[in-house]
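K.L.:
Input: one structure, supplied below.
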């Protein structure tokens with residue numbers, strides 16, 4: 001059974017304090033690992049897709065990496081506007097996206 | 001392009017009432033999805049439609065029905081609402097939109113409370 005676990009559930013950082021969010025997964029035939037950002041009261045917004053172990057993608061202060069068992073979302077020198085819930089999802093042979101519960105990030109000025 | 005739109009944004013129902021959540025996308029995507037999001041549970045797939053004229057059950061289909069009216073529209077119906085269906089419902093589509101890879105696009109959500 002495809003499964004995604006995200007940790008920590010919540011993370012509080014000071015502005016400028018870099019950290020990482022973890023997404024551990026088990027999937028039959030990985031066809032993609034996806035990171036989304038979700039702001040309160042809104043739908044998830046796509047950030048990255050990773051397809052194979054060793055792949056990395058960056059966008060502003062965010063960098064996503066992928067191994068065969070997990071993905072990390074690294075946040076470098078975060079700002080208060082980076083505060084949001086970050087969702088990880090995998091797509092396997094079923095073709096369906098399986099989501100983790102998310103990590104809620106709060107960045108204090 | 002409006003992307004994925006949903007109506008209504010908020011709804012309060014009494015137990016046993018019925019209602020239909022509407023969803024439309026203007027990106028010419030074949031695949032559309034309905035999810036529910038509950039605290040601590042993440043997004044769970046209710047139903048999906050891989051193409052016009054086809055629908056399939058997801059992880060939590062009980063108590064729901066769907067209709068893929070055409071390529072643009074995918075509706076979710078609650079025939080007899082129950083308090084356990086209190087949730088935030090998201091519609092999504094999957095496909096290209098100005099980039100070289102497929103991604104999933106979400107609507108703004110419908111916040112449903114069943115009393």
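The values are calculated or read from the model by the stated rules, or taken from the named source; none is laboratory data. Being a predicted model, the structure only gives us computed values, none of them experimental. Cβ: placed from backbone, ideal geometry, glycine included. Neighbour counts: every protein chain shown.
K.L.:
Which is in contact with a strand residue (DSSP E or B) (Cβ under 6 Å, 6 or more places away or on another chain) and modelled with pLDDT of 95 or more, of A:97, A:47, A:33?
P.N.:
Details: A:97 fails: modelled with pLDDT of 95 or more; A:47 fails: modelled with pLDDT of 95 or more.
After applying the criteria, what remains is A:33.
K.L.:
Considering only residues that are touching a helix residue (DSSP H, G or I) at 6+ places or on another chain (Cβ under 9 Å) and farther than 16 Å from residue B:111 by Cβ, which ones fall in segment B:3-41?
P.N.:
Step one: list which residues in segment B:3-41 are touching a helix residue (DSSP H, G or I) at 6+ places or on another chain (Cβ under 9 Å), which gives B:13, B:15, B:36.
Across segment B:3-41, the qualifying residue is only B:15.
K.L.:
Give me a count of the residues in segment B:63-95 that are touching a strand residue (DSSP E or B) at 6+ places or on another chain (Cβ under 8 Å) and either in contact (Cβ under 8 Å) with a residue 60 or more places away in the chain or under 14 Å from residue B:31 (Cβ atoms) (or both).
P.N.:
17
K.L.:
Take the conditions farther than 18 Å from residue B:24 by Cβ, in a loop (DSSP other than H, G, I, E, B) and touching a strand residue (DSSP E or B) at 6+ places or on another chain (Cβ under 8 Å) and apply them to residue B:59. Does it pass?
P.N.:
Numbers: farther than 18 Å from residue B:24 by Cβ: yes; in a loop (DSSP other than H, G, I, E, B): yes; touching a strand residue (DSSP E or B) at 6+ places or on another chain (Cβ under 8 Å): yes.
Spelling it out, residue B:59 is indeed farther than 18 Å from residue B:24 by Cβ, in a loop (DSSP other than H, G, I, E, B) and touching a strand residue (DSSP E or B) at 6+ places or on another chain (Cβ under 8 Å).
K.L.:
Residue check: is residue A:50 touching a residue at least 12 places away in the same chain (Cβ under 8 Å) and within 16 Å of residue A:19 (Cα to Cα)?
P.N.:
On the way: touching a residue at least 12 places away in the same chain (Cβ under 8 Å): yes; within 16 Å of residue A:19 (Cα to Cα): no.
So residue A:50 does not fit the description; no.
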